[in-house]
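Engineer: One structure, pasted below without further comment.
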Amino acid sequence: MTLRFELKGAISGAGDASGTTGARMGRLVLSRDGDQAGSAATADTSIDTPNYLKYTRHGLQPHMVREVAAELEGMPAATRVQLEDFLADELPDYGKLGDGMHEFIGLDRSELLVLDTLDPTVPGRTAKSSNTFMGIDSEGGTRRLTAEVFARVADQLKPDVVVPLADYVEEPHPSLTQGKRISKSVSRSCKWLEEYLSKRKHAAAVFAPVMGSHSTGLRDISAKMLAGLDEVAGYVFNDVSLDVAFEKKLQLVEHSLERLDASKPRYMAGASAPDSAIRAILRGIDLVDSSYPYAVTEQGFASTYVFGGDSAATGSAGHVDLWQESMFSDFGPLVEGCSCYTCRTHHRAYIHHLLMTKEMLSTVLLQMHNMHWYQRFFAAVRESVGRGRLQQDAERFFERYCSDAGCAAFGELETLGKQESSPTTKIQRKRHAEQAQ
Amino acid sequence: SPALKFEVFSRCSTTKARASKMHLPHYTAHTPMFMPVGTMGSIKGITTRQLETLDCHVILGNTYHLGSRPGPELLEKAGGLHKFMAWDRGMLTDSGGFQMVSLLKLANITEEGVEFENPHDGKVMMLTPEMSIGLQNAIGADIMMQLDDVVSSLTTGPRVEEAMWRSVRWLDRSMKAHKRPTEQNLFPIVQGGLDPRLRTLSATELIKRNAPGYAIGGLSGGEAKGAFWRMVSLSTDILPTNKPRYCMGVGYAEDLVVCSALGVDMYDCVFPTRTARFGNALVRTGSLALKQGRFKDDQEPIDRDCDCPTCRTYSRAYLHTTVTKDTTGCHLITVHNIAFQMRLMRDIRRAVIEDRFPEFIRDFMQTRFGKTVPRWVVEALQSVGVDLTVADEKGGYAATVIDDDFQKAPNV
Ligand SMILES: [Zn+2]
Ligand SMILES: [Zn+2]
């Protein structure tokens with residue numbers, strides 16, 4: 001297995017000539033030739049960037065089993081899985097369970113599989129890490145993941161890309177201001193990365209977390225260390241739990257980017273909402289994840305936002321609310337002219353009925369549409385980057401959906417964090433509580 | 001009937017089983033068949049395209065639930081439930097009576113209909129045979145059920161006879177109220193509790209109405225299985241052989257095999273889809289509770305012989321991590337459980353067509369129960385010429401009879 005990243009040169013009209021900061025286009029290419037002795041050479045998998053990694057739970061996209069997800073066209077062949085989903089019980093002996101995680105979660109061999117540790121939709125973490133382990137809260141209590149165990153599990157799961165353990169800083173934290181906690185997080189993450197690299201046997205591409213939190217000085221140290229490691233094939237920005245405005249996070253990211261190898265791909269967790277994704281892409285991020293459409297689905301919404309093209313298209317809400325009473329007898333598709341399975345097959349009245357009766361098919365059908373819509377959005381963004389118009393198109397997009405106070409149109413992810421699992425019933429309860437007031 | 005053509009093309013030369021084609025307005029179904037239940041107009045998170053791929057021929061909708069949501073006006077406006085939910089194969093609706101009596105404790109039955117308190121506003125309402133047919137005409141299913149006077153199968157005394165005769169009267173009212181006889185079929189329901197005399201009277205009375213098909217009702221309510229199969233067999237002996245027979249609320253694998261041997265063609269049950277939600281996967285030997293720790297490292301699929309998308313892709317170890325946690329965990333088991341029912345019915349049909357159904361029964365019961373088989377299964381099968389207690393010439397399998405009605409643990 002080899003993974004390479006082809007940067008399509010500097011894009012005129014955005015960013016600097018080296019591609020260090022500013023929007024850029026690229027292509028991740030995964031070759032599996034000669035992975036297994038005697039196996040026929042397989043075609044390369046390629047993912048055009050900017051793009052997203054498919055967000056999953058237990059390795060499957062939310063609400064969609066394989067044959068349902070297969071109805072969706074044009075999705076990037078890249079899936080992210082978080083190890084924490086599999087930590088609730090004692091870790092299974094993955095060594096016994098066939099040939100790695102692709103097989104375990106039923107992912108096609110042609111898909112790029114990224115193994116991360118934490119779920120990007122969960123901002124608040126209480127488990128404490130130590131010098132020797134990463135603390136992860138799970139249903140079965142706190143799990144302590146050491147670099148050694150992580151290396152063993154990652155070897156057994158054989159992902160294409162590994163995001164090694166890191167000591168993510170959580171806010172608010174009293175010692176943050178003194179920088180001691182951040183300093184510790186940088187040194188621990190550095191140590192865990194080195195331990196992982198020395199202990200592992202399976203040569204997955206490493207996308208290393210860039211650390212340093214608020215501190216530009218400590219970010220310099222982290223970036224310098226990572227820039228010096230040949231094994232590092234890409235960078236991860238996971239400041240999900242940092243309690244600062246998104247724009248401030250992007251400044252910190254940019255600060256790190258200036259000190260890293262610009263030829264390597266960059267994934268940012270927590271930048272999934274359309275407005276965040278655009279802002280991150282404008283700063284030079286190549287990959288986000290599809291946790292946003294999932295959050296939209298959990299609200300009982302269908303996405304309608306449009307990037308570029310016809311500005312008169314839809315309203316400024318970015319979605320339609322399928323809970324609304326007006327949907328009761330609305331026999332139109334979720335979005336007129338949408339070519340997704342849901343819109344070709346069903347009407348709003350049916351989805352409304354499924355939500356009202358707490359039927360699980362409601363979220364299945366909404367997720368199909370919302371994923372289709374997300375993919376469309378990224379295709380439009382890539383086209384805009386390609387034409388060197390991202391800045392202008394982004395401004396028009398923000399004008400339509402955002403105000404000075406922020407982008408209320410895309411706040412679904414924030415709501416998701418406060419919500420318990422089991423979607424439809426919980427939302428129903430919330431709605432009833434609202435109506436009772 | 002213009003809306004149903006029933007074509008029996010194979011008969012088992014030993015038992016009362018038969019294989020047929022049932023031509024319905026929306027689909028030609030093959031029987032014996034199992035119909036998954038989609039109470040509210042969807043089947044537990046499964047798309048209609050998945051249902052087609054899983055080889056479902058007819059699905060069930062519940063009139064009581066659909067009548068309150070989304071309601072008959074909207075369903076009529078949508079062009080019926082088929083169009084509303086985008087399902088273009090067969091569909092059957094119940095009368096709503098059973099739900100009413102089982103869900104609403106305050107239901108009161110009079111000659112006019114079923115009186116009940118609306119759970120939403122507390123008002124007293126009435127479901128009459130005419131209203132049930134009105135709702136079912138609006139839903140537009142290929143097969144409708146008459147409203148019957150449901151009594152628990154454990155009830156005895158004059159109430160059972162009263163309910164039986166009232167159900168006959170309600171059938172006549174239903175037939176009169178039925179507005180779409182060329183597009184929809186109305187099935188009467190044989191009642192009479194566990195009393196052979198009343199069952200006989202009921203069936204005899206109903207067949208005078210020359211309906212397109214008949215249901216056997218009032219069973220599967222916790223009665224002893226010995227009484228259950230006798231009532232089923234007595235009913236199929238009286239009902240016409242050239243019309244479909246539907247045994248309501250039956251869905252356990254051994255029940256499907258036994259009742260098919262007794263000459264039943266159609267079944268429905270919420271069990272396979274409901275149990276999936278709790279992580280229970282159906283197999284020929286019983287059911288696997290995938291939540292249990294013993295599946296943690298189990299790399300086998302649920303069932304090696306099952307070719308459903310779940311079994312083709314996932315190990316029990318994977319399913320163990322996700323069942324009862326993610327909706328997809330639930331969907332994966334639901335898909336398998338529906339596939340399990342459908343494959344069982346296909347196997348029954350093939351065995352009947354190839355006239356080796358008795359061998360199939362022996363194999364099936366040996367797999368399911370091993371050496372010890374419940375008395376009711378043995379006796380029901382003896383009544384149609386298959387004796388599990390006598391070793392056959394091939395495998396030498398002979399069962400020992402036990403008095404339990406159900407299997408206590410999977411036969412593994
Ligand atoms: Zn759509
Ligand atoms: Zn299966």
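The values are calculated or read from the model by the stated rules, or taken from the named source; none is laboratory data. The model shown is predicted, which means the values in this text are computed figures rather than measured ones. Here the Cβ is made from the backbone with ideal geometry for all residues, glycine too, and neighbour counts use every protein chain on show. Note: areas computed on protein heavy atoms with side chains; ligands, DNA, RNA excluded. Shrake-Rupley method; radii C 1.70, N 1.55, O 1.52, S 1.80 Å.
Engineer: List the residues whose amide H sits under 5 Å from the amide H of B:I216, counting only those 5 or more places along or on another chain, with H placed 1.01 Å from N in the peptide plane.
Structural biologist: Amide H neighbours of B:I216, under 5 Å, 5+ apart: B:V190, B:Y246, B:C247, B:M248.
Engineer: Can you give me the distance in nm between label points at B:T324 and A:K8, each placed 7 Å from the Cα along the Cα-to-Cβ direction?
Structural biologist: 4.9 nm
Engineer: Follow-up question, since we're still on this one. Starting at the first residue of the stretch B:362-368, write each ³J(HN,Hα) from the Karplus equation 6.51 cos²θ - 1.76 cosθ + 1.60 with θ = phi - 60°, in whole Hz, x for Gly and Pro.
Structural biologist: 4, 4, 4, 5, 5, 5, 6
Engineer: Something else: What does the accessible area per residue of the stretch B:142-295 come to in Å², with a 1.4 Å probe and no ligands, DNA or RNA counted? Intermediate values should be presented prior to the final figure.
Structural biologist: Details: 5130 Å² over 154 residues.
I get 33 Å² per residue for the stretch B:142-295.
Engineer: Which of A:V306, A:V244, A:V253 moves the most in a Gaussian network model of chain A with Cα springs under 10 Å?
Structural biologist: A:V244
Engineer: Spelling out what I want: for every residue of the stretch B:53-62, take phi, set θ = phi - 60°, compute 6.51 cos²θ - 1.76 cosθ + 1.60 (Karplus), and round to whole Hz; glycine and proline get x.
Structural biologist: Listing the rounded values in order: 4, 7, 6, 6, 9, 9, 10, 10, x, 9 Hz.
Engineer: For chain A, with every protein chain kept in place, what is the accessible area per residue (1.4 Å probe, Å²)?
Structural biologist: Numbers: 16750 Å² over 437 residues.
Result: 38 Å² per residue.
Engineer: In the protein assembly as shown, if the dipole is taken from +1 on Lys/Arg beta carbons and -1 on Asp/Glu beta carbons about the Cα centre, which of A:T342, B:Y267, B:G140 is farthest to the positive end?
Structural biologist: B:Y267
Engineer: About the Cα centre of the protein assembly as shown, how large is the charge dipole given +1 on each Lys and Arg Cβ and -1 on each Asp and Glu Cβ? Please answer in debye to the nearest 20.
Structural biologist: Details: 97 positive and 105 negative charges, 90 e Å.
It works out to roughly 440 debye.
Engineer: To continue, here is another question. Report the charge-dipole magnitude of chain B in Debye, nearest 20, computed about the Cα centre from +1 at each Lys and Arg Cβ and -1 at each Asp and Glu Cβ. Walk me through the intermediate numbers first.
Structural biologist: Details: 49 positive and 47 negative charges, 108 e Å.
Result for chain B is approximately 520 debye, rounded to the nearest 20.
Engineer: Here is a follow-up. Please build a GNM for chain A, connecting alpha carbons under 10 Å apart, and tell me which residue among A:V236, A:V210, A:V153 fluctuates the most.
Structural biologist: In the Gaussian network model the winner is A:V153.
Engineer: Can you tell me how much longer the chain between B:D355 and B:R159 gets when fully stretched, taken as 0.36 nm per residue apart minus their C-alpha distance, in nm with one decimal? Intermediate values should be presented prior to the final figure.
Structural biologist: Details: separation 196, 0.36 × 196 = 70.56 nm, distance 4.28 nm.
Fully extending the segment from B:D355 to B:R159 adds 66.3 nm.
Engineer: Place a +1 charge on the Cβ of each Lys and Arg in chain A and a -1 charge on the Cβ of each Asp and Glu, then give the dipole magnitude about the Cα centre in debye, rounded to the nearest 20. Display every interim value, and only then the final one.
Structural biologist: Working: 48 positive and 58 negative charges, 139 e Å.
Here the size comes out at about 660 debye.
Engineer: Select from B:L388, B:Q407, B:V373 the residue farthest towards the positive end of the dipole of the stretch B:363-412; place +1 on Cβ of Lys and Arg, -1 on Cβ of Asp and Glu, and compute about the Cα centre.
Structural biologist: Checking the options against the dipole of the stretch B:363-412, the answer is B:Q407.
Engineer: Please find the FRET efficiency linking B:Q382 to A:A43, where r is the Cβ-Cβ separation and R0 is fixed at 60 Å, and quote it to the nearest 0.05. Don't skip to the end; give the middle numbers.
Structural biologist: On the way: r = 61 Å, r/R0 = 1.01.
FRET efficiency, B:Q382 to A:A43: 0.50.
Engineer: Something else now. Amide H of B:L4: which non-local residues (sequence gap of 5 or more, or other chain) have their own amide H closer than 5 Å, using H built in the peptide plane?
Structural biologist: Distant-sequence amide H within range of B:L4: zero hits.
Engineer: Averaged across A:55-67, how many Cβ atoms of other chains sit within 10 Å of each residue's Cβ atom? List each step's numbers first, then the result.
Structural biologist: On the way: counts 0, 2, 6, 9, 6, 9, 1, 3, 5, 5, 16, 8, 11.
Mean partner shielding for this stretch: 6.
Engineer: For the stretch A:46-289, what proportion of DSSP beta bridges, expressed in % and rounded to the nearest 5, is antiparallel? Show your work: numbers first, answer last.
Structural biologist: Values: 7 of 28 bridges.
Restricted to the stretch A:46-289, the bridges split so that about 25 percent are antiparallel.
Engineer: With a cut-off of 8 Å between alpha carbons and a minimum separation of six or more residues, what is the relative contact order of the stretch A:46-289 in percent?
Structural biologist: Values: 419 pairs, mean separation 41.9, N = 244.
Relative contact order, the stretch A:46-289: 17 percent.
Engineer: Moving on. Rounded to the nearest 0.05, what FRET efficiency is calculated for B:E73 and B:T182 with R0 set to 22 Å and r the Cβ-Cβ distance? Spell out each step's value before the answer.
Structural biologist: Working: r = 23 Å, r/R0 = 1.05.
Here the calculated transfer efficiency is 0.45.
Engineer: Using a 1.4 Å probe and counting only protein heavy atoms, how much accessible surface gets buried when A and B come together, both sides summed, in Å² to the nearest 100? Show your work: numbers first, answer last.
Structural biologist: Working: alone 18600 and 17130 Å², together 32000 Å².
When A and B are taken together, about 3700 Å² of accessible area is lost.
Engineer: Could you give the length gained on full extension between A:L229 and A:A262, defined as 0.36 nm per residue of separation minus the Cα-Cα distance, in nm? Intermediate values should be presented prior to the final figure.
Structural biologist: Values: separation 33, 0.36 × 33 = 11.88 nm, distance 1.37 nm.
That works out to 10.5 nm of additional length.
Engineer: A further question on this structure: Show the residues, 5+ positions off or on another chain, whose built amide H is closer than 5 Å to the amide H of A:V162.
Structural biologist: Excluding prolines and chain starts, which carry no amide H, the hits are A:L115, A:A205, A:V206, A:F207.
Engineer: Just want the answer: with Cβ charges of +1 for Lys and Arg and -1 for Asp and Glu, which residue in A:G284, A:L83, B:L24 is farthest toward the dipole's positive end in the protein assembly as shown?
Structural biologist: B:L24
Engineer: Do you know the relative contact order of chain A, to the nearest whole percent, from alpha carbon pairs under 8 angstrom that are 6+ apart?
Structural biologist: Details: 801 pairs, mean separation 68.8, N = 437.
Over chain A, the number comes to 16 percent.
Engineer: For the stretch B:107-114, what does the Karplus curve 6.51 cos²θ - 1.76 cosθ + 1.60, with θ = phi - 60°, yield as ³J(HN,Hα) per residue in whole Hz, taken in order and with x for Gly and Pro?
Structural biologist: Taking θ as phi minus 60°, the curve returns 4, 10, 9, 10, 4, 5, x, 9 Hz for the stretch B:107-114.
Engineer: Moving to a separate point now. Over the protein assembly as shown, what is the percentage of antiparallel beta bridges among all DSSP beta bridges, to the nearest 5?
Structural biologist: Just about 50 percent of them are antiparallel.
Engineer: Moving on to the next point. How far, in nm, would the chain grow between B:V124 and B:D405 when pulled straight, counting 0.36 nm per residue and subtracting the alpha carbon separation? Intermediate results must be reported in sequence, preceding the final value.
Structural biologist: Values: separation 281, 0.36 × 281 = 101.16 nm, distance 3.99 nm.
Stretched out fully, the B:V124 to B:D405 stretch lengthens by 97.2 nm.
Engineer: For the stretch B:282-324, list whatever residues lose no less than 10 Å² of accessible surface once every protein chain is in place, relative to that chain by itself, with the probe at 1.4 Å.
Structural biologist: Those residues are B:K296, B:D297, B:Q299, B:P309, B:T313, B:Y314, B:S315, B:A317, B:Y318, B:H320, B:T321.
Engineer: Give me the net charge of A:M211's neighbourhood, meaning all other residues with Cβ under 12 Å from the Cβ of A:M211; Lys, Arg count +1, Asp, Glu -1.
Structural biologist: On the way: positive: A:R181, A:K184, A:R188, A:K191, A:R219, A:K224; negative: A:D167, A:D220, A:D239.
Net local charge, A:M211 excluded: +3.
Engineer: While we're here: Provide the FRET efficiency to the nearest 0.05 for the B:D237-B:D305 pair, computing r from the beta carbons and using R0 = 45 Å. The partial results should precede the final answer.
Structural biologist: Values: r = 35 Å, r/R0 = 0.77.
The value I calculate is 0.85.
Engineer: Considering chain B, which cysteines have no disulfide-compatible partner, defined as another cysteine with its Cβ under 4.7 Å away?
Structural biologist: B:C12, B:C56, B:C247, B:C259, B:C269, B:C308, B:C330
Engineer: Taking the Cα centre of each part, how many Å lie between the stretch B:307-344 and the stretch A:60-85?
Structural biologist: Comparing the Cα centres of the stretch B:307-344 and the stretch A:60-85, I get a distance of 16 Å.
Engineer: Now for a separate question. Could you work out which residue, out of B:K77, B:K243, B:K44, moves most in a Gaussian network model of chain B, that is, has the largest mean-square fluctuation with Cα springs under 10 Å?
Structural biologist: Its mean-square fluctuation being the largest, the pick is B:K77.
Engineer: Still on this structure, I have one more. What is the Cα radius of gyration of the stretch B:114-185 over 2.2 N^0.38 Å, N being its residue count? Provide the component values of the computation, followed by the final result.
Structural biologist: Values: Rg = 14.0 Å, N = 72, 2.2 N^0.38 = 11.2 Å.
Cα Rg divided by the expected 2.2 N^0.38 Å: 1.26.
Engineer: Across peptide B:38-45, what mean number of C-beta atoms from other chains lies inside 10 Å of a residue's C-beta?
Structural biologist: On the way: counts 2, 2, 7, 6, 10, 3, 3, 12.
Other-chain Cβ atoms within 10 Å of each residue's Cβ, averaged: 6.
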